[in-house]
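Below is one structure; the comments refer to it alone.
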Amino acid sequence: MKRIRLVAIQVLCLFVVVSTVLVGYKNLFAGSWERWRPALAHPTSPSGMEQRAKNTQFALLTPKPFDSNCAQVGNEAPKEAPATSPTNPPPPSTHSSQKPGDPKLYESASGYVASILDSQHTVIPRLECPALHVTRYEYLQTINDSTRPRNLKYFFALDLRQSLKVLPRLLGSIVEAVRFLGPASCALSIVEGNSDDGTFEVLDLLQPELEKLGLKYIFRHTDVDSKEGERITKLAALRNMALEPLHSKSLHADKDTTVVFLNDVAACSEDILELVHQRVLQSADMTCAMDWVYVGNDPTFYDVWVARTLKGNTFFDIPPDGNWNSAWNLFWNDSESKRRYQEMLPFQVYACWNGAAVFGAAPVLGLPPPNKEASHTVDSRRISFRSARQGECHVGEPTLFCKDMWWAGFGKIAVVPTVNLEYSDEAAKKIKDLKGYTSKWTESESRDSSPLRIEWASEPPENVKCMPGWENQSWRPWNETLEE
């Protein structure tokens, strides 16, 4: 009997010890999580309520569903960057939008933030870029006048997903361009979706740092999976979400606002400013870069499904079997575009995007072209990204965006061949070495800029190549469904 009682006492003691350990571990974990939880998770706190209001500022204007960015070429998972203070990592920003983020990823995110903000930062490897050609672009700088409302001059827009590795170069170049142009007259809108590589955490921690620069930063997150549903519809809605803040009265966007819309590319600040400069120099409605992908030893023009020449054709011929054996023969049936491309001169196209596009805000705001009324109108006079309508060729949302621009009278769309982009730092270095950095060409320009000027065609091609799939190609009227 004594033995049974002794065993019972031992079992009871063991139960008490185990219970105590488990409760203590639970409390310890809960305390750790509370330290990392962003203020947004506490809707009753003042900071949480204020931030939730900021994050829902454009909620009523947000199209649904929306998707994350399409270009993921070369963006493999990066190595973690060292935190600025490993023993005391910064807490997550209270400016988080809709999700708390990963505590471990926040620890390494600070290294990326430091790299983005400091052009001399070398801890995280990235594409090396030349110093800015200040005299070429200084006329683009803004003069701040505190006596009147400050209109928005430059609006940067991005959709990012799993883009951590390219962020130091991409966002670092944007920050450098913003500092040069004048932060108070700039705004940055980023939509992030479904990233688990640290992209969200870096973008979140940037908020207070960019605010210190005087830059308006609108950061939003979406959980929508790009692999589910109609892809073009989602991509269009995502791009519209990035542009949505333009319609906010607080930003003071107008006909003189320039939109700089970038994919997740390794771009230098000179690439960005050259696209802006060429839009001004050419009196263009839109300018695009050239983007490339290395599927082998040689680069291939990437955005061939979207881009169309002024003859309505693809930039290189793709037969119905889908082979890209003719990718080396750009503009094979367009002698004028080919000549200007080979001479590294801007040339007019029907449609482009090519990793980066710069365009005026007027068509997005529903304003008419300069110096004339639009010959046609689009939905409520506002152009936005969309998918194909019933009976319309199934093409990419940038192609349809350009189509609607032509319809509304904004047909001065050009490619700038001196700006060459890739989707990773390593491949960008290869394409820059091969094609030349932008400054290589701008520094060798003649003082006589007349050869640079585009002689704009006033009408689009009568028919445009429709290619919903490589095996399904046809020629369709450029304005199909628009006159219905």
| Among the listed residues Lys165, Lys153, which satisfies the condition of being among the basic types (Lys, Arg) and farther than 27 Å from Gln141 by Cβ? | Lys165
| task | Please verify whether segment 453-465 includes one or more residues that are within 28 Å of Asn323 (Cβ to Cβ) and in contact with a Ser or Thr (Cβ under 7 Å, 6 or more places away or on another chain). | result | yes
| message | Between Ser110, Ser163, Ser97, Ser68, which is touching a His at 6+ places or on another chain (Cβ under 9 Å) and either surrounded by 15 or more Cβ atoms within 10 Å (Cβ to Cβ) or at pLDDT 95 or above (or both)? | response | Ser97
| field | Residue that is in contact with a Lys or Arg (Cβ under 9 Å, 6 or more places away or on another chain) and closer than 17 Å to Arg179 by Cβ, where the choices are Leu206, Leu210, Leu251 | value | Leu210
| request: Could you run through segment 312-325 and say how many residues are over 12 Å from Trp470 (Cβ atoms) and modelled with pLDDT of 95 or more? | output: 4
| said: Which pairs turn up if I take residues in segment 283-300 that are farther than 22 Å from Glu270 by Cβ and surrounded by fewer than 24 Cβ atoms within 10 Å (Cβ to Cβ) and look for partners that are at pLDDT below 95 and β-branched (Val, Ile, Thr) with beta carbon separation below 7 Å, at least 6 apart in sequence or on another chain? | reply: none
| request: Return a yes/no flag: does segment 431-444 have any residue that is over 30 Å from Ile124 (Cα atoms), over 26 Å from the mean Cα position of the chain (by Cα) and surrounded by fewer than 20 Cβ atoms within 10 Å (Cβ to Cβ). | output: yes
| request: Tell me, yes or no, whether segment 201-216 has at least one residue that is part of a strand (DSSP E or B) and either among the charged types (D, E, K, R) or touching a His at 6+ places or on another chain (Cβ under 7 Å) (or both). | output: yes
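Yes/no matrix, rows are residues, columns are (1) of a type in the set (S, T, N, Q); (2) surrounded by fewer than 24 Cβ atoms within 10 Å (Cβ to Cβ); (3) modelled with pLDDT of 95 or more; (4) part of a helix (DSSP H, G or I):
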position: Tyr139; (1), (2), (3), (4): no, yes, yes, yes
position: Thr147; (1), (2), (3), (4): yes, yes, no, no
position: Arg150; (1), (2), (3), (4): no, yes, no, no
position: Asp159; (1), (2), (3), (4): no, no, yes, no
position: Leu167; (1), (2), (3), (4): no, no, yes, yes
position: Ser173; (1), (2), (3), (4): yes, no, yes, yes
position: Ala177; (1), (2), (3), (4): no, no, yes, yes
position: Val191; (1), (2), (3), (4): no, no, yes, no
| request: Could you please find all residues in segment 337-360 being among the charged types (D, E, K, R) and either part of a helix (DSSP H, G or I) or under 20 Å from Glu459 (Cα atoms) (or both)? | output: Lys338, Arg339, Arg340
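Report whether or not His252 is at pLDDT below 95 and either among the aromatic types (Phe, Trp, Tyr) or under 15 Å from the mean Cα position of the chain (by Cα) (or both).
On the way: at pLDDT below 95: yes; either among the aromatic types (Phe, Trp, Tyr) or under 15 Å from the mean Cα position of the chain (by Cα) (or both): no.
The answer is no for His252.
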| query | What number of residues within segment 203-217 satisfy the criterion of being free of Cβ contacts under 8 Å to residues at least 12 places away in the same chain and in contact with a strand residue (DSSP E or B) (Cβ under 8 Å, 6 or more places away or on another chain)? | reply | 1
| said: From the list Glu228, Glu244, exactly one residue is over 30 Å from Glu426 (Cα atoms) and surrounded by fewer than 18 Cβ atoms within 10 Å (Cβ to Cβ). Which is it? | reply: Glu228
| Index of the failed condition, Asp271 passing every other in (1) crowded, with 24+ Cβ neighbours inside 10 Å; (2) outside any helix (DSSP H, G or I) | (2)
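The values are calculated or read from the model by the stated rules, or taken from the named source; none is laboratory data. Remember, it's a predicted structure, so these values are computed and weren't measured experimentally. Every residue, glycine as well, gets a Cβ built from its backbone with ideal geometry; the counts of neighbours run over all protein chains shown.
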